[in-house]
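Novice: A single structure is presented below for examination.
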Amino acid sequence: MRPREFLFGVTLLIIILVIWGISNNHPKMQERARNIQQNMFGLYIDGVISTDVLTPSSPKCSLSKECPIDHFAFKIVSGAADVLGPKICFDGKIVMSGVMNNAGKGLNIVFVNGSNGNIEDFNFFDMYFEEPVKLLEFLKKIKPGMLVLVASFDDPATKMNDEIRNIFVGLGSTLIKDVGFRDNWVFAGAAGIGEKSPFEKRSANDEKTNIYERWPEMVEIDGCFPRKI
Ligand SMILES: *[C@@H]1O[C@H](CO)[C@@H](O)[C@H](O)[C@H]1NC(C)=O
């Protein structure tokens, strides 16, 4: 039964009861009619509220559990070979993905305001065919207090240079110095804290261990990023 029909039915019932009560001039009956009215509406409203409460809410970004208060949930998945695009989720929102068609080969990078969680910017940069001029311009927009999320797709390193590697080191990366041709790399760091980030993974392109012939297995990190106050 739809809510409107239900309310209509309830209202009709109450009118009948009230008229019946008045025509019988029976004060007790009128009171009972009022009670029924309150109970019915109470029940109805309770029902709406309790279904909201009972709806199971899954943790943001499909983490296995909720992040503590003052933390942002995130999940970063690299691309798979040159076929499946990467995915970057932050605070419950998928910011970039192959499915959304806003991710691409090379490096996929998201800037987040570390205090309020706003997505400040995101883009992807081809690292095989293009000179990294645009990437360097982009990275120079990083300000202290920003979180930086990175996912590789296909090849993140052919045009990588020391200037770029040093910027990632400054954001807390320890693995970037080894990231090479067709490696997979995912990283989450922060500008201006001068600490090594615990959120980083690399899988090396190695014929002996590659699972996609010419590409290594995909890598993934997730966790809870402390909010910068
Ligand atoms: C984050 O947002 C706040 C509020 O808009 C702003 O004051 C602050 O400068 C921003 N921080 C960064 C690193 O963009």
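The values are calculated or read from the model by the stated rules, or taken from the named source; none is laboratory data. This is a predicted model, so every value here is computed, not measured. Quick reminder, even Gly has a Cβ in these numbers, built from the backbone with ideal geometry, and neighbours come from all protein chains shown. Keep in mind that these areas ignore ligands, DNA and RNA; they rest on the heavy atoms of the full protein, side chains included. Shrake-Rupley method; radii C 1.70, N 1.55, O 1.52, S 1.80 Å.
Novice: Among the numbered criteria (1) in contact with a helix residue (DSSP H, G or I) (Cβ under 7 Å, 6 or more places away or on another chain); (2) within 16 Å of the ligand (Cβ to nearest atom), which one does Phe168 miss?
Specialist: Among (1) in contact with a helix residue (DSSP H, G or I) (Cβ under 7 Å, 6 or more places away or on another chain); (2) within 16 Å of the ligand (Cβ to nearest atom), the lone unmet condition for Phe168 is (2).
Novice: Within the stretch 205-215, can one find any residue that is away from the ligand (no atom under 16 Å from the Cβ) and under 23 Å from Asn101 (Cα atoms)?
Specialist: yes
Novice: Next question, about the same structure. Kindly establish whether Phe199 is more than 24 Å from Lys228 (Cα to Cα), surrounded by 14 or more Cβ atoms within 10 Å (Cβ to Cβ), aromatic (Phe, Trp, Tyr) and in contact with a Gly (Cβ under 8 Å, 6 or more places away or on another chain).
Specialist: Taking the combined requirement at face value, the residue does not satisfy it.
Novice: A follow-up question, please. For the stretch 62-111, name all the residues that are hydroxyl-bearing (Ser, Thr, Tyr) and surrounded by fewer than 14 Cβ atoms within 10 Å (Cβ to Cβ).
Specialist: Those that are hydroxyl-bearing (Ser, Thr, Tyr) and surrounded by fewer than 14 Cβ atoms within 10 Å (Cβ to Cβ): Ser62, Ser64.
Novice: Going by what's in this entry, would Leu139 be described as within 16 Å of the ligand (Cβ to nearest atom), touching a helix residue (DSSP H, G or I) at 6+ places or on another chain (Cβ under 7 Å), within 24 Å of Asp183 (Cβ to Cβ) and free of Cβ contacts under 8 Å to residues at least 40 places away in the same chain?
Specialist: Yes, satisfied.
Novice: Give the stretch 117-129 a look and list any residue that's assigned to a loop (DSSP other than H, G, I, E, B) and in contact with a strand residue (DSSP E or B) (Cβ under 8 Å, 6 or more places away or on another chain), or say none.
Specialist: Gly117, Asn118, Asp126, Met127, Tyr128 - these are the residues of the stretch 117-129 that are assigned to a loop (DSSP other than H, G, I, E, B) and in contact with a strand residue (DSSP E or B) (Cβ under 8 Å, 6 or more places away or on another chain).
Novice: Taking the stretch 103-124, which residues are more than 16 Å from the ligand (Cβ to nearest atom) and free of Cβ contacts under 8 Å to residues at least 24 places away in the same chain?
Specialist: Asn123
Novice: Out of all the residues in the stretch 161-188, which are surrounded by fewer than 19 Cβ atoms within 10 Å (Cβ to Cβ), assigned to a loop (DSSP other than H, G, I, E, B) and among the aliphatic types (A, V, I, L, M)?
Specialist: Leu175
Novice: What are the pairs with Cβ atoms under 6 angstrom where one residue, in the stretch 63-74, is assigned to a loop (DSSP other than H, G, I, E, B) and the other, located anywhere, is open to solvent by 60 Å² or more (accessible area, probe 1.4 Å)? Sequence gap at least six, or different chains.
Specialist: Taking only residues 6 or more apart or on different chains, the pairs are Leu63/Asp222; Asp70/Arg227.
Novice: Taking the stretch 117-137 as the region of interest, how many residues are more than 22 Å from the chain's Cα centre (by Cα) and surrounded by 12 or more Cβ atoms within 10 Å (Cβ to Cβ)?
Specialist: 8
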